[in-house]
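For reference, the structure discussed in these notes is given below.
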2 protein chains.
Amino acid sequence: MVALHDTLRDALFERKLLLPTAVAGIYGRSAEFEDTIERIDRLVSVAAAVDAPEVMRFAPAIDRRHVERAGYLESFPHLAGSVHSFAGDERAHRDLVGAAREGRDWSPALSPTGVMLTPAACYHVYPLLAGTLPPRGRLVDVMSYCFRREPSDDVSRMQMFRMHEHVCASAPAEAVAWREDWIDRARRIVSRLAIEARVVVAADPFFGRPGALLAASQRDQRLKLEIVAPIACADRPTAIVSLNYHQDHFGRLFDIRTADGAIAHTACTGFGLERIGLALYSQHGFERSRWPAPVRETLGW
Amino acid sequence: MVALHDTLRDALFERKLLLPTAVAGIYGRSAEFEDTIERIDRLVSVAAAVDAPEVMRFAPAIDRRHVERAGYLESFPHLAGSVHSFAGDERAHRDLVGAAREGRDWSPALSPTGVMLTPAACYHVYPLLAGTLPPRGRLVDVMSYCFRREPSDDVSRMQMFRMHEHVCASAPAEAVAWREDWIDRARRIVSRLAIEARVVVAADPFFGRPGALLAASQRDQRLKLEIVAPIACADRPTAIVSLNYHQDHFGRLFDIRTADGAIAHTACTGFGLERIGLALYSQHGFERSRWPAPVRETLGW
């Protein structure tokens, strides 16, 4: 029996919306798919324009020390991507090439560089907020390709994908209120795209047994909400938006302080651009010109 | 004495066009800088629109085997970025976290994944061209973030940057003629942007002593041309466009064949989007609204 996610993936390949590679979760994108993503990206920007956030864009490489400091290795070691390079001499190079030619592992010739792949767009932002915030805090609009080491045949679970986030750093009450407001804003975006979806209490995929406790605590405190939509499987919806209240986690780790000197709280709302695009194709069909008129209007064509 | 490239970098930081990180060659981008890049990107697309190329876009991760097969490890091992991940159990995880906390190298806990970082946008394309080409060959418009392991304080030498390329795969005479034509097209783009630049015969930065021979041979055969422009240093111009004729190199490695069964030849023209943007700021000033009227018109505002 063919899994439903194979059906979606094959349909996307057949119509050349995505281009296959031999690696699960790594795809090329057609001009049309990319255009759809860019239009969703603009919607996510516009939803925050009234707040005049600072806009930051990043390549998907991040200071290794930021990932360490952010506690990512404790919580999500299995998802992280570390960039390693060759810094040897000609002799070491001959060994490397020899190993590669014989199909042996040539990675012992490499050493870790100063960068890792970006795990989430907002990880670029927290280090830049270090210090004292202005009285009303700071709001940032950030977009970046991200990497998650989770090879899958489910096309909605890519290893590299774009995440467009809005980040708030402020006093606790403001961060909480900001996220509440974004639940409505995010629902409105999803509703204007006529995507069948619902808000659920969720947890991050923490590693190992201690991780299960962290996940339970996160759920109990409703720290992570997701908007989930059926994409590849009707009965197993996928998160397309994630709304997170981090309490003082990042404020403490990166020494972000409110104007009165307290540790700042942070919250973020992340939109998975490829997943929203896939939800549109999956729910409205592969002929973009036949999507419902209000959806086409929302996307600007 | 402050190097000239420090002057440019500091000016870009001060005006928040680029955002500094602690890693050399890794920067955030402001909304304005990103908008400038996107406008250059569109120019590069439009210059090929008459050919109706296939359009492909990629995340900057590529099948490890394609990088091996393309000979990149032989020629440019020092520039490659390999993605490694953790696939251990809870005990291995405790060791990893302990090492990271104590500032020790935790990379032995990792193993190579199936992907590397993309060294050049066109590397995504050659594997997809495997097989027999249509009678007139194939033309592809491809854009991707790319990685080069060359940390530098020269802001025009980033570790991650966007490369927009046009690729031709065809019979030899057509590939040669295609590149000749692109010399003119690329010069026209640069000239419309009023960037002071010139075409030079160049060579790739091949590794080691055998690499010096390869570079000399590449120069002798004029296989690589570059359009170079002063960006950070008036007397040491930087390549902003690269025009390459690969002969049968990729055709042979990826079994790309012409309609009559011969090994196809390939050529590519790559535009360094960040570098072109930096050349604009460096040569026309940091107030984008004061750039020469024809340049603003070319960029569409």
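If I ask for residues that are more than 9 Å from chain A (Cβ to nearest Cβ) and among the basic types (Lys, Arg), which ones from the stretch B:95-109 would you list? Hit for the stretch B:95-109 is B:ARG104, nothing else. Give the residues of the stretch A:39-53 that are within 19 Å of the chain's Cα centre (by Cα) and in a helix (DSSP H, G or I), sorted by residue number. Those that are within 19 Å of the chain's Cα centre (by Cα) and in a helix (DSSP H, G or I): A:ARG39, A:ILE40, A:ASP41, A:ARG42, A:LEU43, A:VAL44, A:SER45, A:VAL46. Residues of the stretch A:50-57 include none that is touching a residue at least 24 places away in the same chain (Cβ under 8 Å) and within 20 Å of B:VAL115 (Cα to Cα).
Screening the candidates A:ASP51, A:ASP41, A:ASP63 for the property of being at pLDDT 95 or above, acidic (Asp, Glu) and under 24 Å from B:HIS164 (Cα atoms) yields one hit, A:ASP41.
Going by the structure shown, is B:ASP204 without any contact (Cβ under 8 Å) to a residue 60 or more places away in the chain and not aliphatic (A, V, I, L, M)? When the stated conditions are applied, B:ASP204 does not pass them.
Restricted to the stretch B:2-22, and to residues there that are away from chain A (no Cβ under 12 Å) and part of a loop (DSSP other than H, G, I, E, B), the residue that is surrounded by the most Cβ atoms within 10 Å (Cβ to Cβ) is B:ARG15.
Only residues that are more than 13 Å from B:SER242 (Cα to Cα), within 13 Å of chain A (Cβ to nearest Cβ), hydrophobic (A, V, I, L, M, F, W, C) and open to solvent by 10 Å² or more (accessible area, probe 1.4 Å) were counted across the stretch B:159-191, and they come to 1. Here is the figure for the stretch B:68-99: residues that are over 14 Å from A:GLY208 (Cβ atoms) and surrounded by 16 or more Cβ atoms within 10 Å (Cβ to Cβ) total 18. B:THR132 satisfies every condition listed in (1) among the hydroxyl-bearing types (Ser, Thr, Tyr); (2) open to solvent by less than 10 Å² (accessible area, probe 1.4 Å); (3) away from every other protein chain (no Cβ under 11 Å) except (2).
The single condition among (1) modelled with pLDDT of 95 or more; (2) over 24 Å from A:LEU19 (Cβ atoms) that A:PRO108 does not satisfy is (1).
Looking for something over 23 Å from B:GLU90 (Cβ atoms) and under 23 Å from the mean Cα position of the chain (by Cα) - is there at least one such residue anywhere in the stretch A:66-77?
We begin by selecting, within the stretch A:66-77, every residue over 23 Å from B:GLU90 (Cβ atoms); these are A:66.
Imposing the further condition that a residue be under 23 Å from the mean Cα position of the chain (by Cα) reduces the set to A:66.
Yes - at least one qualifying residue is present in the stretch A:66-77.
Could you list all residues from the stretch B:278-301 that are assigned to a helix (DSSP H, G or I) and among the small types (Gly, Ala, Ser)? If you could, list the steps in order and put the result at the bottom.
At the first step, the residues of the stretch B:278-301 found to be assigned to a helix (DSSP H, G or I) are B:278-284, B:288-290, B:293-299.
Result: B:ALA279, B:SER282, B:SER289, B:ALA293.
Restricting attention to the stretch B:54-67, the residues that are open to solvent by 30 Å² or more (accessible area, probe 1.4 Å), within 8 Å of chain A (Cβ to nearest Cβ) and outside any helix (DSSP H, G or I) add up to 1.
For the stretch B:132-151, the criterion of being within 19 Å of A:ASP63 (Cα to Cα), at pLDDT below 95 and assigned by TED's automatic domain parsing to the domain that holds B:ASP255 is satisfied by at least one residue. Can you tell me which residues in the stretch B:210-253 are open to solvent by 30 Å² or more (accessible area, probe 1.4 Å), farther than 28 Å from B:ARG188 by Cβ and hydrophobic (A, V, I, L, M, F, W, C)? Matches in the stretch B:210-253: B:ALA212, B:LEU213, B:LEU214, B:ALA216, B:LEU253.
Count of the stretch A:266-301 residues, restricted to those that are open to solvent by less than 30 Å² (accessible area, probe 1.4 Å) and either modelled with pLDDT under 95 or under 22 Å from the mean Cα position of the chain (by Cα) (or both), is 16. Residues of the stretch B:23-38 that are more than 17 Å from the chain's Cα centre (by Cα) and either open to solvent by less than 10 Å² (accessible area, probe 1.4 Å) or touching a residue at least 24 places away in the same chain (Cβ under 8 Å) (or both): B:VAL23, B:ALA24, B:GLY28, B:ARG29, B:GLU32, B:PHE33, B:THR36. The conditions of being more than 8 Å from chain A (Cβ to nearest Cβ) and in contact with a helix residue (DSSP H, G or I) (Cβ under 7 Å, 6 or more places away or on another chain) are not met by B:SER82. When the criteria are applied in full, A:PRO112 fails the requirement of being open to solvent by 20 Å² or more (accessible area, probe 1.4 Å), more than 7 Å from chain B (Cβ to nearest Cβ) and not charged (D, E, K, R).
Is it the case, given these coordinates, that A:PHE207 is closer than 21 Å to A:LEU17 by Cβ, modelled with pLDDT of 95 or more and open to solvent by 20 Å² or more (accessible area, probe 1.4 Å)?
So A:PHE207 fails the test.
Take A:PRO53 and tell me if it is of a type outside the set (Gly, Ala, Ser) and under 25 Å from A:THR298 (Cβ atoms). Spelling it out, A:PRO53 is indeed of a type outside the set (Gly, Ala, Ser) and under 25 Å from A:THR298 (Cβ atoms).
The values are calculated or read from the model by the stated rules, or taken from the named source; none is laboratory data. Keep in mind that this is a model prediction, so the values were computed, not measured. Note that each Cβ is placed from the backbone with ideal geometry, even for glycine, and that neighbours are counted across all protein chains shown. For accessibility, only protein heavy atoms count, side chains too; no ligands or nucleic acids. Shrake-Rupley method; radii C 1.70, N 1.55, O 1.52, S 1.80 Å.
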